[in-house]
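One structure is given below, encoded as structure tokens.
The values are calculated or read from the model by the stated rules, or taken from the named source; none is laboratory data. Being a predicted model, the structure only gives us computed values, none of them experimental. Glycine also receives a Cβ, built like all others from the backbone with ideal geometry; neighbour counts cover every protein chain displayed. The accessibility values were calculated without ligands, DNA or RNA, using every heavy atom of the protein model including side chains. Shrake-Rupley method; radii C 1.70, N 1.55, O 1.52, S 1.80 Å.
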Amino acid sequence: MTAELVRGQNHPLPGTRLEIRVSAGTPVVAAATLGDAEGKVLGAEWVAHPGTPALSGLEVSRQATADHRLAVDLDALPDAAHRVDVLLALPTADATRAGRRGPARFGAAAAPFVTVTDLSGAEIAHYTLTGLDAETAVIALELYRRQGAWKVRAIGQGYAGGLAELLTDRGLPEAPSLARVIHEAAARSPARQAPTPPRPSGSEGDRTRQAVTPVLGPDPAGAPPQGAGPGPEYEAEYGDPGAKPTLQGADPGQPAPAQPLPSPPPPPARSPSRPPEGGPVDYRHPRRRTTTPAPSQPPPPAASPTPPGRPARPVAGDANGWSMDERLYNQVWGMFEDLARSVAAYRSGVAFADSRLEKELDQVLSDPRARVGGQGDTARESARARHERLVARAQEVLDRDLAQLATEAEAVEAALPPAYARWDSPVWHGYRVPVEMPMALRLGDLRLPEAGHVPIPMLVRLPLERGLWIDSGHTESPGDPSADAHGPRSLALETAVAHTARLLAAHPAGGFTVHAVDAAGSGARTLARLVRAGVLAAPPAVGARGVADVLTRLTQRVDLVQMAVRGGAADSLPPGFDTSRQLLIVHDFPRGFDDRAVNQLRYLADEGPSYGVHLMMVADREDCAGYGPLLDPLWRGLLRLTPVADDHLADPWVGHAWTYEPALVTPGSQVLARVLDRVAAARRSVGR
């Protein structure tokens, strides 16, 4: 079965002689680079392009055209070559046929489609490069060697600076001149139309009909794929049941979750030591589209030697990235995707076994001959035995996957920096105020019922793209520690303080300012931690007048920054203007809010994140029932978190209902007070 890849996903290659077909809909230049074990291109002689179309084991097209066929013989590559990257670039005006100028960026053209086939033309995997915008060059695929076996991985990494920036990123000092040579060679070569590779039967928008390859397990050659469902027994007894998880197929037995998880930035190609599987998540470095040459990527940490025949032991930071911070972030999201797909495959296998049992029992009951003697009993026993074997096989595969993920989670957890670590991690004892803001922040853990012993850190990107809502009305979860009507509200505010401390600890000194609104003063005792530490811009505002003053100042700030940015005068803000990011904690909403204040709050929720003002609501939605649907957009625009464990978040791939557990400080621990003291001391040292 052909594997339909998404960005960051990989697939084993059954052979070493391959053909890579490209269909772009517009003329593109195709090239390929060879990389060493660290992915570095050692020189221009390791680049196959229209001017030098043939290398040992590799051949590309000579011209810019909409359709390409690249020939690859992995056995014939140089011994030092461990990776082959397939590159696509929009030609310059001179390189297009008949001098006609094509699209100036990939976002203005149809998404390129890449297919990997064997020499007979049978498809092995295909990948549609979606999500491109201003890029003019892109790394489409990579073929990489892992423990003697080859795999293909979907990359989709684009570069707005074109081939020159892409080749610079691969470590070539002569990248600009080589890019010119490639485009000139493509312009000189005569046009030749290659046959268009077939598209998959399903449309790009109809992913529910396309089965995807589930999570791969350990890398050793011959190891069965992780999350592959019940496995060969399906095909041996019933043929292909089509029970593998699809990109949008949520488990039919699960209730629809109320809110999706925050999307990570565009996902990873993780390093060969731990291959990822996942959904359309973009893990590109936020500054990689600039034209400034980026430093060469440092090698990932190496795993300790493992005995032959056993899977490699996971290593923290083995995903791709420009720093250990980014690698760990990418690895955590890779683990999240792996777990989602493994559980989806298990649920799919059990559902198939159940449906098959029901069908076979119906057939027995509908056959009059089975009602005489013991023939019917024998058929029912056989059907139940088959059902048990299928469920046992699905459980066996899931247990294997979970064991690997648990080992990886243990290794990763011990290496996480403060922004990603739990409050009980030893890393907080050596906390220092950072010089730069990290990529993300941990707000809790995520679990699935089938894998409760494998928690996945819930990381959200910084700066926050939307506000946070700590639901103080949540009481229905088992084990809720609240014993009275005020319990949930107090616990929700404690959760908000813990999240606020994390945000303060993740920003450089003076880079984050916190305001608090507590109209009735009911949260004064909990907010006193922030007041004593001196990390609030002012004491919590009380009463309707205090609420109005804070909201007016922040809305005026958003208006001012918005006008400056839109007018191209971002450097002309008033002298002494506080350029730090602002957080507003709103407790016990809507008490103390009139209609004007409610409108200002909605404005801050909508426009604030883009201009450095963020909301953290501590509220019970039932208290706002009198506003009717007026506040529905406000709640939908916030990321809902709970002060107790609750299964209200959904993943974007298979729609699992994930149980969210907040990141709370262990009772009696002084770590939060110590962190706030260090943040306050650093703020005083910079005069803020």
**Message:** Percent of Cα-Cα pairs more than 16 Å apart in segment 1-96, please.
**Reply:** 59 percent
**Solvent exposure ordering (accessible area, 1.4 Å, most first) of ASP646, ASP623, ASP338, ASP424** = ASP424, ASP623, ASP646, ASP338
**Prompt:** If Lys and Arg each add +1 and Asp and Glu each add -1, what is the summed charge of the other residues whose beta carbon sits under 10 Å from the beta carbon of LEU70?
**Reply:** 0
**Item:** With DNA, RNA and ligands ignored, accessible area of ILE139 (1.4 Å probe; Å², nearest 10)
**Value:** 10 Å²
**Request:** Treat each spin label as a single point 7 Å out from the Cα along the C-beta direction, and report the ALA80 to GLN670 distance in nm.
**Result:** 5.7 nm
**Message:** If you build the convex hull over the alpha carbons only and average its shadow over all orientations, what do you get for segment 321-436? Give it in nm² to one decimal.
**Reply:** 10.1 nm²
**Solvent-accessible surface ranking, highest first, for SER522, SER669 at 1.4 angstrom** = SER522, SER669
**Asked** Bin by bin, in steps of 10 Å, what percent of the Cα pairs in segment 1-55 do you find, going until the bin that has the longest distance?
**Response** 17, 38, 41, 4
**Item:** Accessible area (Å², 1.4 Å probe, nearest 10) - HIS648
**Value:** 10 Å²
**Request:** If a/c stays under 1.5 just call it rounded; otherwise compare a/b with b/c (prolate if a/b is bigger, oblate if not). Do that for segment 58-165, with a ≥ b ≥ c from the square roots of the Cα gyration tensor eigenvalues.
**Result:** prolate
**Complete:** In whole µm²/s, the translational diffusion coefficient that Stokes-Einstein assigns to segment 394-552, given a Kirkwood hydrodynamic radius over C-alpha pairs, 20 °C and 1.002 mPa s, equals 117 µm²/s
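What value does segment 569-688 have for Rg/Rh, both radii from Cα atoms and Rh as Kirkwood defines it?
1.03
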**Message:** Can you compute the charge dipole magnitude of segment 572-656 about its Cα centre, using +1 on each Lys and Arg Cβ and -1 on each Asp and Glu Cβ, nothing else charged? Give it in debye, rounded to the nearest 20.
**Reply:** 240 debye
**Request:** Provide the per-residue ³J(HN,Hα) series for segment 331-342, in order, calculated from phi with Karplus coefficients 6.51, -1.76, 1.60 and θ = phi - 60°, each as a whole number of Hz, with x at glycine and proline positions.
**Result:** 5, 4, 5, x, 5, 4, 5, 4, 5, 4, 6, 5
**Complete:** For ASP118, placing the label point 7 angstrom along Cα-to-beta-carbon and taking segment 144-164, residues whose amide nitrogen sits under 19 Å are 144, 149-153
**Message:** Assuming 0.36 nm per residue, please report the length gained on full extension of the stretch ALA54 to HIS453 beyond their Cα-Cα distance.
**Reply:** 138.5 nm
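Starting from the Kirkwood radius over alpha-carbon pairs of segment 339-393, derive D by Stokes-Einstein at 10 °C in a medium of 1.306 mPa s and give it in µm² s⁻¹.
Value of D from the Cα-based Kirkwood radius: 131 µm²/s.
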**Request:** Give the shape of segment 121-174 as rounded, prolate or oblate, defined through the alpha-carbon gyration tensor: a ≥ b ≥ c are the square roots of its eigenvalues, a/c under 1.5 means rounded, and otherwise the shape is prolate if a/b is larger than b/c and oblate if not.
**Result:** oblate
**Prompt:** By what distance, in whole Å, do the Cα atoms of segment 493-652 stretch along each of the three principal axes, largest value first?
**Reply:** 44, 41, 37
**Item:** Relative contact order (percent, whole number), segment 507-638, Cα cutoff 8 Å, 6+ residue spacing
**Value:** 29 percent
**Request:** Would you work out what percent of the accessible area of segment 509-558, with all protein chains in place, is carbon or sulfur (probe 1.4 Å)?
**Result:** 53 percent
**Message:** Using a 1.4 Å probe on the protein heavy atoms only, what accessible surface does ARG447 show? Give it in Å² to the nearest 10.
**Reply:** 50 Å²
**Message:** Taking 0.36 nm per residue of sequence separation and subtracting the Cα-Cα distance, how much length would be gained by fully extending the chain between GLN556 and LYS359, in nm to one decimal?
**Reply:** 64.4 nm
**Fill in**
Over segment 486-585, with neighbouring protein chains present, the accessible area per residue in Å² at probe 1.4 Å is 42 Å²
**Asked** Residues of segment 80-174: accessible area per residue at 1.4 Å, in Å²?
**Response** 32 Å²
**Prompt:** If you average the sequence gap of Cα pairs under 8 Å that are 6 or more apart and divide by the length of segment 341-406, what percent do you get for the contact order?
**Reply:** 46 percent
**Asked** In nanometres, what is the gap between the two model label sites at ARG432 and TRP322, each 7 Å from Cα along Cα-to-Cβ?
**Response** 2.3 nm
**Fill in**
Between ILE124 and residues 5 or more places away or on another chain, the pairs with built amide H atoms under 5 Å apart involve VAL116, THR117, ASP118
**Complete:** In nm, the gap between the two label points placed 7 Å beyond Cα toward Cβ at SER685 and GLU661 is 3.5 nm
**Asked** Mind checking the dipole of segment 1-102: about its Cα centre, +1 per Lys or Arg Cβ, -1 per Asp or Glu Cβ, Debye to the nearest 20?
**Response** 520 debye
**Prompt:** Where a ≥ b ≥ c are the square roots of the eigenvalues of the C-alpha gyration tensor, would you call segment 412-470 rounded, which needs a/c under 1.5, or, failing that, prolate if a/b is larger than b/c, or oblate?
**Reply:** oblate
